[in-house]
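Novice: Have a look at the structure that comes next, please.
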Amino acid sequence: MAERTRIIAHVDLDYFYAQCEERENPAYRDKPVVVCVYSARGGDSGAVSTANYIARKFGVRAGMPIVQAKRLLKGVEAVFLPVNRELYGRISGEIMEILRGYADRFEQKSIDEASLDITERAERDCTRTKELALRMKKEILERERLTCSVGVAPNKLVAKMAADFQKPNGLTVVKPEEVKSFLSPLPIGELYGVGRKTEKVMSELGLKTVGDLAERRVEDLVRVFGRKLGVYFHNAANGIDETPVQEREAVQISRITTLKRNTRDLEEIFRDLSELCKDVHERLVRGNLTSCSVGIVAVMENMSIQSRSRTLDFPTNELETIKEVCCELLEQFLKESTLKVRRIGVRVANLGKASAQKSLEDFR
Ligand code: TTP
Ligand code: CA
């Protein structure tokens, strides 16, 4: 590969919300699983958030009304579940931390997608690249029991499309010299950024595949779509994308749990809170991170949400410090409120890299 060629991996977790539910309840695995956003109107009013691949075989799709999904699955033993964003957020956070460990530069794109610049890790070598991608998939499967689809290519755009190419549990590696032949036969609607409306316009222009689009002169596309989009479509169809993987640190780590019973007992609440502190601490250590802000979140018996936090004088990744601060915040908080606590959570924020920080000892 040429000196300046980049190697980008795009990771997309398969049927994410539904797969999280399967992981929590393995009995769901061989059934259609439909995760729903139920509306406030009650009953089956609302839309499908996502569905596992078994449900998709019956025609169930994201965005579809729940009643329609039920019709498609009539007479089938299917599982309909409400979204549990807290669960998906927690699993996503853990997976993103695993992936971060594989990247020279890491960019989380959404709750279940990330772009990794792995140029150096892969030593600019295609065989090493494939090994690395397989290891990533294996670690996510073994540690988090979830499958994902990975695309590897010389840039973010082609890597994303490569991840979509074989789903679920896929791995598609597109070498620099294969970019054109990979993109050309794809239906135009599969080019990133081409929605239903654009697809229709393109079809009217006689453009059926990405290859058809690649052959059009950029000036012609600018005339139809305007400068910005016209140039984008021209470049994208030709597999050109220079945008770098933009490193963004995790901004916070949080954990929350429901107490066995609603209570105002400091010791009882703190017992659960300590366990959450351990989890958060473990994640800080795994991510080689420190935090400058520790806070607690409480959901009260009337479902109102309260939070308290403290900014620390020194960045920390010590469990005892996190626990101490949480305990003090909780004690103070219980004095200020008269309600019982239903759920309790901990959040650490203002994160930084541990290696770049000095420990408290260095300041003494
Ligand atoms: P996607 O990655 O688009 O879909 P997916 O992970 O469910 O399935 P695939 O195997 O095809 O990648 O979206 C990620 C999550 O975002 C999805 O699990 C649920 C949520 N989501 C919605 O809530 N509504 C939607 O319309 C879509 C598309 C996704
Ligand atoms: Ca996905």
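The values are calculated or read from the model by the stated rules, or taken from the named source; none is laboratory data. Quick caveat, the model's predicted, so the values are computed rather than measured. A quick note on method: Cβ atoms are made from the backbone with ideal geometry, for glycine too, and the neighbour counts reach across all protein chains shown.
Novice: Out of (1) buried (at least 19 other Cβ atoms within 10 Å of the Cβ); (2) more than 16 Å from ligand 2 (Cβ to nearest atom); (3) in a loop (DSSP other than H, G, I, E, B), what's the single condition that is false for Leu221?
Specialist: Single failed check for Leu221: (3).
Novice: Hey, can you tell me all the residues within region 284-309 that are more than 24 Å from Leu99 (Cα to Cα), among the hydrophobic types (A, V, I, L, M, F, W, C) and either outside any strand (DSSP E or B) or within 26 Å of the chain's Cα centre (by Cα) (or both)? Can you show your working first?
Specialist: From region 284-309, those more than 24 Å from Leu99 (Cα to Cα) are 293-309; that's our starting set.
From what's left, among the hydrophobic types (A, V, I, L, M, F, W, C): 294, 296-300, 303, 305.
Within region 284-309, Val294, Ile296, Val297, Ala298, Val299, Met303, Ile305 meet the criteria.
Novice: Restricting to region 273-295, give me the number of residues that are surrounded by fewer than 18 Cβ atoms within 10 Å (Cβ to Cβ), closer than 19 Å to Val341 by Cβ and at pLDDT 95 or above.
Specialist: Residues that pass the stated criteria total 2.
Novice: Scan region 30-53 residue by residue and report those that are more than 16 Å from ligand 2 (Cβ to nearest atom) and either modelled with pLDDT under 95 or among the aliphatic types (A, V, I, L, M) (or both).
Specialist: Start the filter on region 30-53 by keeping residues that are more than 16 Å from ligand 2 (Cβ to nearest atom), which leaves 30-32, 36-47.
Answer for region 30-53, where residues must be more than 16 Å from ligand 2 (Cβ to nearest atom) and either modelled with pLDDT under 95 or among the aliphatic types (A, V, I, L, M) (or both): Val37, Tyr38, Ser39, Ala40, Arg41, Gly42, Gly43, Asp44, Ser45, Gly46, Ala47.
Novice: Looking at region 1-20 only, could you name the residues that are within 14 Å of ligand 2 (Cβ to nearest atom) and either farther than 30 Å from Glu242 by Cα or acidic (Asp, Glu) (or both)? Please lay out each step first, then the result.
Specialist: Here is the first cut: in region 1-20, the residues within 14 Å of ligand 2 (Cβ to nearest atom) are 10-20.
Result: Asp12, Asp14, Tyr17, Ala18, Gln19, Cys20.
Novice: Looking only at region 209-268, count every residue that is under 30 Å from Lys340 (Cα atoms), charged (D, E, K, R) and touching a helix residue (DSSP H, G or I) at 6+ places or on another chain (Cβ under 7 Å) and tell me the total.
Specialist: Summing the residues that are under 30 Å from Lys340 (Cα atoms), charged (D, E, K, R) and touching a helix residue (DSSP H, G or I) at 6+ places or on another chain (Cβ under 7 Å) in region 209-268 gives 2.
Novice: Which one of Arg41, Arg23 is among the basic types (Lys, Arg), over 30 Å from Thr243 (Cα atoms) and under 17 Å from the mean Cα position of the chain (by Cα)?
Specialist: Working: Arg41 fails: under 17 Å from the mean Cα position of the chain (by Cα).
The unique qualifying residue is Arg23.
Novice: Another question about this same structure. So which residues in region 135-168 are surrounded by fewer than 15 Cβ atoms within 10 Å (Cβ to Cβ) and either over 15 Å from His10 (Cβ atoms) or free of Cβ contacts under 8 Å to residues at least 12 places away in the same chain (or both), if there are any at all?
Specialist: Arg135, Lys138, Leu141, Glu142, Arg143, Arg145
Novice: Among the candidates Lys31, Lys70, which residue alone is of a type in the set (Lys, Arg), more than 15 Å from ligand 1 (Cβ to nearest atom) and not in a helix (DSSP H, G or I)? Can you show your working first?
Specialist: Values: Lys70 fails: not in a helix (DSSP H, G or I).
Among Lys31, Lys70, only Lys31 is of a type in the set (Lys, Arg), more than 15 Å from ligand 1 (Cβ to nearest atom) and not in a helix (DSSP H, G or I).
Novice: Taking into account only those residues within region 162-185 that are aliphatic (A, V, I, L, M) and outside any helix (DSSP H, G or I), which is farthest from Ile98 (Cα to Cα)? Full working, then the answer.
Specialist: Restricting attention to region 162-185, the residues satisfying the condition of being aliphatic (A, V, I, L, M) are 162-163, 171, 173-174, 179, 183.
Next cut, outside any helix (DSSP H, G or I) only: 171, 173-174.
On the way: Leu171: 18, Val173: 21, Val174: 23 Å.
Across region 162-185, the extreme among qualifying residues is Val174.
Novice: Just checking, does region 20-38 include any residue being without any contact (Cβ under 8 Å) to a residue 40 or more places away in the chain, over 30 Å from Glu97 (Cα atoms) and of a type in the set (A, V, I, L, M)?
Specialist: No: region 20-38 contains no residue that is without any contact (Cβ under 8 Å) to a residue 40 or more places away in the chain, over 30 Å from Glu97 (Cα atoms) and of a type in the set (A, V, I, L, M).
Novice: Can you tell me which condition Thr50 does not meet? The list is (1) under 14 Å from the mean Cα position of the chain (by Cα); (2) near ligand 1 (Cβ under 10 Å from one of its atoms), and all the others hold.
Specialist: All conditions pass for Thr50, except number (1).
Novice: Here's a follow-up. Which numbered condition in (1) surrounded by fewer than 20 Cβ atoms within 10 Å (Cβ to Cβ); (2) under 14 Å from His10 (Cα atoms) is the only one that Arg85 fails?
Specialist: (2)
Novice: Can you tell me which residue in region 238-272 is surrounded by the fewest Cβ atoms within 10 Å (Cβ to Cβ), limited to those that are in a helix (DSSP H, G or I) and out of contact with any Leu (no Cβ under 7 Å at 6 or more places or on another chain)? Don't jump to the end; show me each part of the working.
Specialist: Taking region 238-272 and keeping what is in a helix (DSSP H, G or I), we get 266-272.
Subsequent filtering for residues that are out of contact with any Leu (no Cβ under 7 Å at 6 or more places or on another chain) retains 267-268, 271.
Details: Glu267: 8, Glu268: 15, Arg271: 12.
Checked region 238-272; the qualifying residue surrounded by the fewest Cβ atoms within 10 Å (Cβ to Cβ) is Glu267.
Novice: Would you point out the residue of region 94-130, among those that are within 16 Å of ligand 2 (Cβ to nearest atom) and of a type in the set (Gly, Ala, Ser), that is nearest to Glu242 (Cα to Cα)?
Specialist: Ser115
Novice: A further question follows. Answer yes or no: is there a residue in region 310-323 that is at pLDDT 95 or above, over 29 Å from the mean Cα position of the chain (by Cα) and part of a helix (DSSP H, G or I).
Specialist: yes
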